[in-house]
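What follows is a single structure, written as structure tokens, with notes after it.
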Amino acid sequence: MPAFHRMGGLRKHGYKLEDVREWRRAEHEARRASGYDEFFRAHGLCVDCGGEGRLVTGVRWRDSDGVERAEAGSVAALVERHNLENSVNWLNDTSKWGYLYETCGVCEGTGKSKGP
Ligand SMILES: [Zn+2]
């Protein structure tokens with residue numbers, strides 16, 4: 001999962017991007033594993049959802065007839081397939097399209113890892 005997807009989860013738990021950078025640099029210098037997953041594990045956050053407590057499962061949008069639709073799947077593929085960057089398909093004037101979420105089954109929505 002790309003890092004930007006995880007920023008919401010990090011913020012939710014009070015971490016900033018600089019915290020992650022700093023931690024990763026220190027771990028790297030200590031020759032320990034310094035990936036994003038390691039940061040989440042080391043700080044007791046759920047790796048599966050990035051601390052967000054929910055997972056993106058698809059997108060929702062309004063079609064050209066004004067009917068709100070939703071479909072699960074890869075966000076990038078859905079945006080392309082349904083031409084969601086075209087303003088006729090936007091939810092409203094300010095919101096283009098939205099994500100569909102489901103509660104993370106690993107942490108049951110807490111965003112925290114269960115184990116030690
Ligand atoms: Zn989770």
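The numbers here are math on the coordinates, done by the rules we state, and not lab data. The structure presented is a predicted model; accordingly, all values stated were derived computationally and were not measured. Every residue, glycine among them, receives a Cβ derived from its backbone with ideal geometry; neighbour counts consider all protein chains shown.
Using a basic spin-label model with each label point 7 Å from the Cα along Cα→Cβ, how many nm lie between GLU22 and SER95?
That separation, rounded to one decimal, is 3.5 nm.
Given the convex hull over the Cα atoms of the range 74-116, what projected area results after averaging over all orientations, in nm²?
On the way: hull surface 17.6 nm².
Value for the range 74-116: 4.4 nm².
Taking the chain on its own, what percent of its Cα-Cα pair distances exceed 22 Å?
Values: 3059 of 6670 pairs.
The share of Cα pairs beyond 22 Å in the chain comes to 46 percent.
On full extension of the chain, what length is gained from ASN86 through ASP37, given 0.36 nm per residue of separation minus the C-alpha to C-alpha distance? Walk me through the intermediate numbers first.
On the way: separation 49, 0.36 × 49 = 17.64 nm, distance 3.50 nm.
Full extension from ASN86 to ASP37 adds 14.1 nm.
Can you give me the long-range amide H partners of GLY53? Hydrogens built in the peptide plane at 1.01 Å from N, cutoff under 5 Å, separation of 5 or more residues or another chain.
Under 5 Å from the amide H of GLY53: GLY111.
Can you list residues from other chains, or at least 5 along the same chain, whose modelled amide H is less than 5 Å from the amide H of TYR99?
ARG60
Between LYS112 and THR57, what length comes free when the chain is fully extended (0.36 nm per residue of separation minus the Cα-Cα distance, one decimal in nm)? Don't jump to the answer; show the numbers that get you there.
Details: separation 55, 0.36 × 55 = 19.80 nm, distance 1.96 nm.
Length gained, LYS112 through THR57: 17.8 nm.
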